[in-house]
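A quick write-up on the structure given underneath.
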Amino acid sequence: ADAFFTCRKTVLLAKSTSSQIEDTFAAPGGRSVPEEQESLLQQWLEEGAGSLPASESAPAVGKASVKLTSDWLEGSELLMTSLSDLNSAPEVTQCAGQQLTELRTLASSEPRDHAASTWAKLPAEETATRSAPPAAVVPQAGPQGAVSAAAGVLNGDPAVLAWSVAPGADTEPAEPPAWPLRDAVPLCPLPAEVPYHELLWRDWEDLSVQPHVLEQVSKNGPLFEFRVMSYNILAQDLVEQGLDLYPHCHPDILNWSYRLPNLLQEIQHWDPDVLCLQEVQENHYREQLEPTFKEMGFACFYKRRTGTKTDGCAVCYKHSRFQLITLSPVEYFRPGVDVLNRDNVGLVLLLQPLLPEGLDLQAISPLCVANTHVLFNPRRGDIKLAQMALLLAEIDKVAKTTEGSYNPIILCGDLNSVPDSPLYKFIRNGELSYHGLPAWKVSGQEDFSQQLYSRKLLAPLWPSSLGVTDNCQYVTFCQPKKPGRRQYSRGFLLRYRFCDAACERPPHLVLLEGVTDATPVASARGHPASATTAALGAASPLASFGNGWLFTCRFPGVIRHGLNLTSVYGHFLPHRGRPEVTTMPMGLGATVDYIFYSAEPVENGKRGGRRLYQDGALKLLGRLSLLSEDVLLLANGLPNPFCSSDHLCLLASFGLEISSL
């Protein structure tokens, strides 16, 4: 019924004024029953019976010209809308692609050099008493014209109609006589629709041919090459819970039965060796995805979100290329911790690359692969930052070698943060001063600066009971203290709070009323921090900050990590002059999906607030280009009939150095 409604609007467009069309089709709720559909089609044919003179009956021609009046021109935009609607229907797209192409050709055909456009002629045996309307040709059968029609029945519904004429080999096109029309206007060809696969074409960027990469490869020897894909595939439960987020989508392309084959075909086409998926619905994973991936040669691991959530993260790898060493699921929900009270999860794997035969005397380091989906809420940057710190602590534990260095790391996921946001800079630069930072600024997704009393991040961000330090390391995995280093306990310092050195005022001590304006006395026993500060003040001018200095030393409001991660993508398309986009929520493009990999920082290298890196043992060899917002808008956003998720997949090719034993 929906398809017939669109076709009915298209067919009546030429014979009705724009005002009549608006009145007829203003409310899409009106639906025609089959009897009304048949009578409408019959009425349409009968009304055109006397439109042409008898002399106009002639053999059919292959290209139809269209009579165009000013009223018809006013409705040309509506015609294109109709054709777009017809093209977006999956049933019509699959079953009647050729017919719709011919229909669009008729609609966009260029005018002939006459005073006005003309009617297309129909086969004589069928059109002796009736004529075809503009923008459509009634299908005919016979030796003079091979007719193709895709409308008769689609899934048992005879309401979907489309017409086209394919002239036979013996048909000789005849030049129709000019039919002058009063107030006729020239026909402006309508823009042809670009196929999705051409509009959304993504190039493979080969970075292995760059001089610095070639130099490193030739210097260091062979590489173990592999591909990594990160993909948020949009859980079906989340689609059905938030249908208002996809008003631009035809309901059919949101069905899981339509999206699943598209997603699997896309993954199979790019053939990654490591696959990191987010928003994977558990029942779909168990029943469909995991069996299919195993047939494709993957070993699969899955972690569902905690609580009542039905989706989670999955990491799959080709068992012919990697072997599992360690698997560490990460749950970000920690009871009693305010910044870790959400149900997001992550996965961290340590994989051993399998070298081909003939390289038995070669060695290659293990590879750490992490996958996560961070909280979406743009207002709760404090939660996002704590979740990321917990994941980095897990990566630190898994990827660290016995010598204290790190194995190569690849971090994939939907981080729900835009490039150059504080969270992004923390991952890339390895440091973030967060104390006093508005929570909404952490991810940079939205601007809430106009709101009063916005939440701010305060140090410490998480309690010490979590067992994670400000260096994003578990306490038990911190670097051991240097031998011979002096250690002063609180009790030891309190013993000397009234010694001569503690009671002597340092000469350069800044005078602060109520802080450094008095000498410690016995009554200060109730304030051990003040006495301790004065004792330390004898040895250091930093005591001028009083109690604030002690607080800052313990909780500086700065978090760090030492993993040296950089992004596969540059987040900007230089040839288009536009930023890259990985998703389009509510029609607004943004980059929130990333693939980070470990590299070596350039000494004293920074540009635009970003630390500069160069490839180390893990080299970036290529990547699948992303698209810009304007291109995705032309394709009606995400999802669409070609891309079955609201995110684009990310794909990168890496090379891992192989060394001799």
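The values are calculated or read from the model by the stated rules, or taken from the named source; none is laboratory data. Since we're looking at a predicted model, the values are computed, not measured. Here the Cβ positions follow ideal geometry from the backbone for every residue, glycine too, while neighbour counts run over all protein chains shown. Remember, those area values only see protein heavy atoms, side chains included, never the ligands or the DNA or RNA. Shrake-Rupley method; radii C 1.70, N 1.55, O 1.52, S 1.80 Å.
Scan segment 405-445 for residues that are outside any helix (DSSP H, G or I) and hydrophobic (A, V, I, L, M, F, W, C) and the total you get is 9. Quickly run through segment 353-380 and pick out the residues that are of a type outside the set (Gly, Ala, Ser), in contact with a Leu (Cβ under 8 Å, 6 or more places away or on another chain) and open to solvent by 10 Å² or more (accessible area, probe 1.4 Å). Hits for segment 353-380 are Leu361, Gln362, Ile364, Pro366.
Comparison of Asp447, Asp382, Asp414, Asp420 shows that the only residue that is without any contact (Cβ under 8 Å) to a residue 12 or more places away in the chain, closer than 22 Å to Pro585 by Cβ and out of contact with any Ser or Thr (no Cβ under 6 Å at 6 or more places or on another chain) is Asp447. A single member of Gly336, Gly307, Gly312 is within 28 Å of Leu385 (Cβ to Cβ) and not in a loop (DSSP other than H, G, I, E, B), and it is Gly312.
Here Asn604 clears all of (1) touching a helix residue (DSSP H, G or I) at 6+ places or on another chain (Cβ under 9 Å); (2) at positive phi except the condition numbered (1). Does at least one position in segment 218-225 carry a residue that is modelled with pLDDT of 95 or more and part of a helix (DSSP H, G or I)? So far as segment 218-225 goes, no, none of its residues is modelled with pLDDT of 95 or more and part of a helix (DSSP H, G or I).
If the condition is being among the aliphatic types (A, V, I, L, M), part of a loop (DSSP other than H, G, I, E, B) and within 21 Å of Gly570 (Cβ to Cβ), then segment 639-661 contributes only Leu648.
Here is a yes/no grid of residues against (1) open to solvent by 40 Å² or more (accessible area, probe 1.4 Å); (2) modelled with pLDDT under 95; (3) part of a loop (DSSP other than H, G, I, E, B):
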site	(1), (2), (3)
Phe551	yes, yes, no
Ile559	no, no, no
Tyr569	no, no, yes
Val602	yes, yes, no
Leu612	yes, yes, no
Gly616	no, yes, yes
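Taking Leu214, is it open to solvent by 40 Å² or more (accessible area, probe 1.4 Å), part of a helix (DSSP H, G or I) and modelled with pLDDT under 95?
Yes, satisfied.
Residue check: Ile595 meets all listed conditions (1) crowded, with 21+ Cβ neighbours inside 10 Å; (2) more than 16 Å from the chain's Cα centre (by Cα) but one, namely (2). Within segment 347-358, residues that are touching a residue at least 40 places away in the same chain (Cβ under 8 Å) reach partners that are among the basic types (Lys, Arg) with beta carbons closer than 6 Å, at six or more positions or on different chains, in the pairs Leu347/Lys303.
Residues in segment 306-335 that are closer than 17 Å to Glu240 by Cβ, of a type outside the set (Val, Ile, Thr) and open to solvent by 40 Å² or more (accessible area, probe 1.4 Å): Lys309 alone.
For (1) without any contact (Cβ under 8 Å) to a residue 60 or more places away in the chain; (2) surrounded by 15 or more Cβ atoms within 10 Å (Cβ to Cβ); (3) not in a helix (DSSP H, G or I), each residue gets a yes or a no:
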site	(1), (2), (3)
Arg227	no, yes, yes
Pro247	yes, no, yes
Asp252	no, yes, no
Gln268	yes, no, no
Asn283	yes, no, no
Glu287	yes, no, no
Glu290	yes, yes, no
Lys294	yes, no, no
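One residue stands out among those in segment 201-211 that are modelled with pLDDT under 90 and outside any helix (DSSP H, G or I): the one that is least open to solvent (accessible area, probe 1.4 Å), which is Ser208.
The single residue among Ile395, Ile383, Ile427, Ile410 that is buried (at least 20 other Cβ atoms within 10 Å of the Cβ) and farther than 25 Å from Glu657 by Cβ turns out to be Ile383. It is to be established whether one or more residues within segment 447-462 are assigned to a loop (DSSP other than H, G, I, E, B) and closer than 30 Å to Gln352 by Cα. No, because not a single residue in segment 447-462 is assigned to a loop (DSSP other than H, G, I, E, B) and closer than 30 Å to Gln352 by Cα.
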